[in-house]
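Structure, as structure tokens:
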Amino acid sequence: MESIVVNIEGEVIDSSAGGRNTDDILKRLKKINALALKSGDEYFDISSIGEIKGTGEITAVTIDSKEGLGICRHSTSHIMAHAVKDLYPGVKVAIGPSIEDGFYYDFDIDTPFTPEALTAIEKAMQKIIKRNNPFVRKTMSRADAIKLFKDLGEDYKVELLEAIEADEVSLYEEGGFIDLCRGPHVPGTSSIRAFKLLKSSGAYWRGDEKNKMLQRIYGTAFATQEELKKHIEFLDEVKRRDHRRLGRELDLFSIHDDIGAGLILWHPNGAMIRKTIEDFWREEHIKADYKLLYTPHIAKIDLWQKSGHLDFYKENMYTPMDIDGADYEIKPMNCPFHIAVYKSALRSYRDLPIKYAELGTVYRYERSGVLHGLLRVRGFTQDDAHIFCRVDQIESEILDVLDFTIYVLKTFGFEKYDIYLSTRPEKYVGTPENWEIATEALRAALEKKGLKYETDPGEGVFYGPKIDIKVKDSLNRQWQCSTIQVDFNLPKRFSVTYRASDDNEHMPIMIHRALMGSLERFFGILIEHYAGAFPLWLSPVQVSVLTISERQADYAKEIAASLLRAGIRVETDMGDEKINYKIRQSSMKKIPYAVLIGDKEMEARSLTVRKRKGENISFTDIKNLLSFMREEIESRR
RNA sequence: GCCACCGUAGCUCAGUUGGCAGAGCAGCUGAUUUGUAAUCAGCCGGUCGGGGGUUCGAAUCCCUUCGGUGGCUCCA
């Protein structure tokens with residue numbers, strides 16, 4: 001008998017040594033609630049322990065690992081499909097994988113699932129789990145499997161099978177419910193300890209809108225009820241931070257039916273934050289030797305013909321408007337304008353790099369169903385820049401952009417991010433040599449900075465390779481903001497050149513780059529990141545001055561005026577409400593500081609300041625408060 | 001765009017089988033002059049998203065249209 005080496009929680013057990021046989025090992029695995037086994041990169045069911053070939057070490061997979069949790073969720077999706085089949089016999093099952101935070105399963109059913117249906121399905125699942133049906137793996141030929149699922153009327157499984165190349169396929173059966181599946185699965189249904197169905201929605205078969213729309217149920221599963229509870233609390237926190245809700249509560253922005261979907265109105269509070277962000281952005285760009293531009297919102301259609309946008313970006317562009325017999329398009333991008341500025345003079349190799357930056361407002365058609373608050377809109381302002389440089393300058397320019405990006409993101413409290421390098425796709429423009437040079441320059445810059453990144457092979461845009469930076473917010477959610485893209489297409493289409501030292505015309509490399517992406521989207525992310533409690537430098541109102549009674553009105557006015565003169569954004573509340581009420585109002589507006597003014601302060605000409613979280617600080621006079629606040633504003637904490 | 005759900009006062013939401021449109025908050029007025037997250041009272045506020053239909057009668061049922069939400073596809 002071949003020996004099996006199993007690593008159970010760090011203890012290595014050799015089944016052939018020490019008189020231990022596989023039964024002992026199975027007992028041990030059961031004791032630690034192992035869900036599956038791992039040998040090399042492959043996963044196996046625990047029941048298949050006797051069939052695993054090879055002498056490599058086998059590891060027990062428990063729910064504590066990412067893989068184990070994935071297996072648990074996948075098995076839960078099977079149980080859900082089982083329950084749905086029991087409750088709705090006519091339903092056909094499609095696919096049901098585990099995903100980032102849980103799992104889903106798609107069903108072909110005439111009547112969509114209601115919230116009550118989800119509760120009923122949950123109950124049915126509980127019963128299945130209680131029965132502890134074992135997950136039994138079966139293998140059969142592809143032809144037999146096709147016949148089996150044809151007989152069961154499971155058309156989608158048949159379609160999947162027809163696309164599978166292997167001759168032999170595996171199936172899993174649990175309590176009479178049989179499903180095509182690669183596995184592995186948990187040993188039995190009672191291995192599922194904590195799960196919840198979250199929502200149902202429509203989803204096209206295989207994600208293609210030409211196909212039939214199926215009904216998808218999303219759910220999640222965790223190792224324990226506590227962890228599940230924590231996850232539900234997380235979802236509540238996400239709801240609490242929803243930028244659309246906070247946007248209304250804090251009077252930041254609005255969207256109106258009668259103005260148009262996906263079009264943002266920035267209210268005074270939101271506008272003040274945007275102005276602060278823009279000021280910071282402009283200052284830093286000037287320091288980094290970018291030249292600022294302003295360009296028009298519309299341009300003749302010929303420009304977009306020449307740029308190629310009419311060919312490859314038409315579905316995102318609005319229909320042209322007629323001006324004096326010529327068609328004009330509202331701009332979806334700023335690039336052609338920046339190129340026009342570059343081309344307005346002859347450029348020498350000595351002039352390069354030339355870096356143009358613009359907060360350019362663009363309009364793109366987005367299908368109504370994808371619009372979402374500030375995060376997905378139809379009109380938005382990009383923090384756009386285009387760098388024209390020589391090939392030998394790419395790497396150092398990318399290095400600068402990376403530094404710049406990380407500095408800007410950090411200023412807004414984003415300390416963690418994931419970086420992706422996307423390489424040449426199948427359809428591309430430019431020469432393979434140039435792609436190689438540019439891609440390696442991007443890679444070299446990342447390596448030099450010691451930045452961890454993942455390569456996405458073939459995920460580049462057709463016009464050049466790119467680096468995407470996805471920030472992680474305070475809830476550890478990932479958002480794509482920054483992007484750095486090399487472009488071989490536009491310089492060629494517009495015959496962009498510079499005069500080189502060899503006295504010939506050469507084509508510069510063009511780099512598109514956005515740090516925040518769009519101001520609207522970035523603002524939405526910021527609202528959720530800070531939960532509306534912006535740091536002092538960004539807060540639209542930085543201080544509220546609150547009086548205890550009418551007696552202190554004059555002193556309060558004096559304090560407010562001093563703050564205002566010093567450039568602090570201040571508001572006063574001298575109404576006849578109690579101080580508790582005023583503090584509550586101030587906190588609900590998430591104003592960082594409240595200056596409380598009573599008789600004590602008035603007599604001593606001192607100040608009592610209450611921070612947003614309730615902490616108190618005393619200042620002997622207004623000068624002390626001002627320098628304290630200035631320091632915090634300047635450090636952008 | 002597609003599927004589902006939703007749209008009632010500025011906001012959050014009740015409104016039973018079709019039978020007189022409600023509450024809290026906000027706003028306004030008055031009283032109150034208050035020390036670290038809601039003082040009390042009164043008042044104002046609605047073509048029930050728009051249009052059409054069924055009905056003696058529609059917020060409620062049907063059709064249509066606009067918008068929102070969650071997904072599907074794409075993306076800043």
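The values are calculated or read from the model by the stated rules, or taken from the named source; none is laboratory data. For clarity, every value in this text was computed on a predicted model and none was experimentally measured. So basically every Cβ, Gly included, is an ideal-geometry build from the backbone, and we count neighbours across all protein chains shown. Side chains are part of the model used for accessible areas, which takes the heavy atoms of the whole protein and leaves out ligands, DNA and RNA. Shrake-Rupley method; radii C 1.70, N 1.55, O 1.52, S 1.80 Å.
Can you pull out every residue in segment A:563-592 that is hydroxyl-bearing (Ser, Thr, Tyr) and within 7 Å of RNA strand B (Cβ to nearest atom)?
A:581, A:587
Give A:381, A:411, A:361 a once-over and let me know the one that is of a type in the set (Val, Ile, Thr), within 25 Å of the chain's Cα centre (by Cα) and surrounded by 19 or more Cβ atoms within 10 Å (Cβ to Cβ).
When all the criteria are applied, what remains is A:381.
Considering only segment A:593-626, how many residues are near RNA strand B (Cβ under 8 Å from one of its atoms), buried (at least 16 other Cβ atoms within 10 Å of the Cβ) and outside any strand (DSSP E or B)?
Counting residues in segment A:593-626 that are near RNA strand B (Cβ under 8 Å from one of its atoms), buried (at least 16 other Cβ atoms within 10 Å of the Cβ) and outside any strand (DSSP E or B) gives 4.
What is the one condition in (1) surrounded by 13 or more Cβ atoms within 10 Å (Cβ to Cβ); (2) at pLDDT 90 or above that residue A:121 does not satisfy?
Among (1) surrounded by 13 or more Cβ atoms within 10 Å (Cβ to Cβ); (2) at pLDDT 90 or above, the lone unmet condition for residue A:121 is (2).
For residues that are part of a loop (DSSP other than H, G, I, E, B), farther than 21 Å from residue A:131 by Cα and of a type in the set (A, V, I, L, M, F, W, C), scanning just segment A:44-91, find the one that is modelled with the highest pLDDT.
Top of the filtered list is A:91.
Kindly provide the set of residues from segment A:156-181 that are exposed (fewer than 14 other Cβ atoms within 10 Å of the Cβ) and of a type in the set (D, E, K, R), ordered by number.
A:162, A:165, A:167, A:168
Cβ-Cβ distance below 9 Å, separation of 6 or more or different chains: which pairs start in segment A:202-216 with a residue that is under 12 Å from residue A:95 (Cβ atoms) and near RNA strand B (Cβ under 6 Å from one of its atoms) and end on one that is of a type in the set (Gly, Ala, Ser) and assigned to a strand (DSSP E or B)?
Pairs that qualify, where the first residue is under 12 Å from residue A:95 (Cβ atoms) and near RNA strand B (Cβ under 6 Å from one of its atoms) and the partner is of a type in the set (Gly, Ala, Ser) and assigned to a strand (DSSP E or B), are A:216/A:200; A:216/A:201; A:216/A:202; A:216/A:203.
Looking only at residues in segment A:395-421 that are more than 22 Å from residue A:456 (Cβ to Cβ) and hydrophobic (A, V, I, L, M, F, W, C), which one is farthest from RNA strand B (Cβ to nearest atom)?
Only one residue tops the list, namely A:404.
Which of the numbered conditions does residue A:147 fail, given that it passes all the others? Conditions: (1) more than 38 Å from the chain's Cα centre (by Cα); (2) closer than 18 Å to residue A:74 by Cβ.
In the conditions (1) more than 38 Å from the chain's Cα centre (by Cα); (2) closer than 18 Å to residue A:74 by Cβ, residue A:147 misses (2) alone.
Give, as residue ranges, the helices (runs of 4 or more DSSP H) completely inside segment A:471-584 that count at least 2 residues that are touching a residue at least 60 places away in the same chain (Cβ under 8 Å) and surrounded by fewer than 19 Cβ atoms within 10 Å (Cβ to Cβ).
Correct list: A:489-493.
With the structure loaded, tell me whether residue A:392 is more than 14 Å from RNA strand B (Cβ to nearest atom), under 28 Å from residue A:332 (Cβ atoms), open to solvent by 10 Å² or more (accessible area, probe 1.4 Å) and out of contact with any helix residue (DSSP H, G or I) (no Cβ under 8 Å at 6 or more places or on another chain) or whether it fails that test.
No: the conditions fail for residue A:392.
In the set A:109, A:95, which member is surrounded by fewer than 18 Cβ atoms within 10 Å (Cβ to Cβ), within 17 Å of residue A:155 (Cα to Cα) and touching a strand residue (DSSP E or B) at 6+ places or on another chain (Cβ under 9 Å)?
Residue meeting the stated conditions: A:109.
So which pairs qualify, if the first residue must be in segment A:392-410 and free of Cβ contacts under 8 Å to residues at least 60 places away in the same chain, the second must be buried (at least 19 other Cβ atoms within 10 Å of the Cβ), the Cβ gap must be under 7 Å, and the two must be at least 6 apart or on different chains?
A:395/A:441; A:395/A:445; A:399/A:445
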